[in-house]
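Report on the following structure.
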Amino acid sequence: MAISLVTRSQWGARAPKGSYSPLTSTKGVKVHYTGGRVPPEIVDNHNLCVAQVKSIQNFHMDGNGWIDIGYSMIACPHKRVFVGRGPDRLPAANGSGLNSDHYAVLGLVGNAGFVKPNNDLLHGILDAIEYLRQEGGAGTEIKGHRDGFSTDCPGAALYAWVQRGAPRPGGGDPANPPGGQIPAWPGRLFTYPPVTVGDDVKRWQQQMKKIGFELDADGAYGQRSRDVCKTFQRRVDLPDDGIVGKQTWDASFRYTL
């Protein structure tokens, strides 16, 4: 899949106030909305999306006393997906006793102002769900926050879409989005030293060049490849160990400028 990911460092997230509880698999994902007013101008100004996500994090940390923003991922009306707590970490937004069963994905739509999700926001939610399936063991369920919890969330329009099976605008199965498929991880680690050599290395190097790195696609994973790998890992909030494993491989082919 291709996802337009906004990492925590890119949106300026505050550091968590404590340690996350681990979460290795779930039944699926619960979809949320903000429950407040979202300015209609957000559709034309992505900076407002960033400001909204920061405001939500501040409220969750300073108002609710949570260690971080409560959502796993946040989708905006520009088809961008913000990393909240991210995969493999227990969310806090689903309600007491309900967080271990489902990840929490927020769509930046509210109960006033911008209330009807556009197609790019729906695509973003589905991209976030697929990301959590690939990276965090999310199951196949897509539910609304109100399923099992007394709330209006995720609002009438978003919940009606969930009840229809969360179809991808323009057709396509959210579990198998059309186009942009990630090539299968070759099943071995690219490390240096010693130099790792092969066509799979060359394919990864070609992808790094495609997204803007200066790198020879010679099929030899040496010092320059390792340096590029470490820079990319920091860009997408992965441990910068300079090793191309499955997470780094998938993130490399998922990454969009």
(message) Against the condition polar (S, T, N, Q) and crowded, with 21+ Cβ neighbours inside 10 Å, how does Asn94 come out, does it pass?
(response) yes
(request) Give the residue that is nearest to Val81 (Cα to Cα), with candidates limited to residues of region 189-206 that are polar (S, T, N, Q) and open to solvent by less than 20 Å² (accessible area, probe 1.4 Å). (result) Gln205
(request) Scan region 6-24 for residues that are loosely packed, with under 12 Cβ neighbours inside 10 Å and either within 20 Å of Ile125 (Cβ to Cβ) or not small (Gly, Ala, Ser) (or both) and jot them down. (result) Lys17, Pro22, Thr24
(request) Name, by its number, the condition in (1) in contact (Cβ under 8 Å) with a residue 60 or more places away in the chain; (2) surrounded by 22 or more Cβ atoms within 10 Å (Cβ to Cβ) that does not hold for Gly28. (result) (2)
(message) Just to be sure I understand the filter: pairs with C-beta atoms under 6 Å, separated by 6 or more residues or on different chains, first member in region 195-214 and closer than 14 Å to Val228 by Cβ, second member part of a helix (DSSP H, G or I) and open to solvent by less than 100 Å² (accessible area, probe 1.4 Å). Which pairs pass?
(response) Gln207/Ser252; Gln207/Phe253; Met208/Val228; Phe213/Val228
(request) Take the residues in region 219-254 that are of a type in the set (Asp, Glu) and touching a residue at least 24 places away in the same chain (Cβ under 8 Å), then tell me which one is most open to solvent (accessible area, probe 1.4 Å). (result) Asp237
(request) Give the residue, chosen from Asp62, Asp120, Asp127, Asp68, that is in a helix (DSSP H, G or I) and open to solvent by less than 10 Å² (accessible area, probe 1.4 Å). (result) Asp127
(request) Quickly run through region 31-54 and pick out the residues that are open to solvent by less than 40 Å² (accessible area, probe 1.4 Å) and either in contact with a Lys or Arg (Cβ under 9 Å, 6 or more places away or on another chain) or not in a loop (DSSP other than H, G, I, E, B) (or both). (result) Val31, His32, Val38, Ile42, Cys49, Val50, Gln52, Val53
(request) Search region 78-112 for residues being of a type in the set (A, V, I, L, M) and either assigned to a loop (DSSP other than H, G, I, E, B) or over 21 Å from Gly12 (Cα atoms) (or both), and hand back the single one that is farthest from the chain's Cα centre (by Cα). (result) Ala112
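The values are calculated or read from the model by the stated rules, or taken from the named source; none is laboratory data. Quick caveat, the model's predicted, so the values are computed rather than measured. Cβ: placed from backbone, ideal geometry, glycine included. Neighbour counts: every protein chain shown. Note: areas computed on protein heavy atoms with side chains; ligands, DNA, RNA excluded. Shrake-Rupley method; radii C 1.70, N 1.55, O 1.52, S 1.80 Å.
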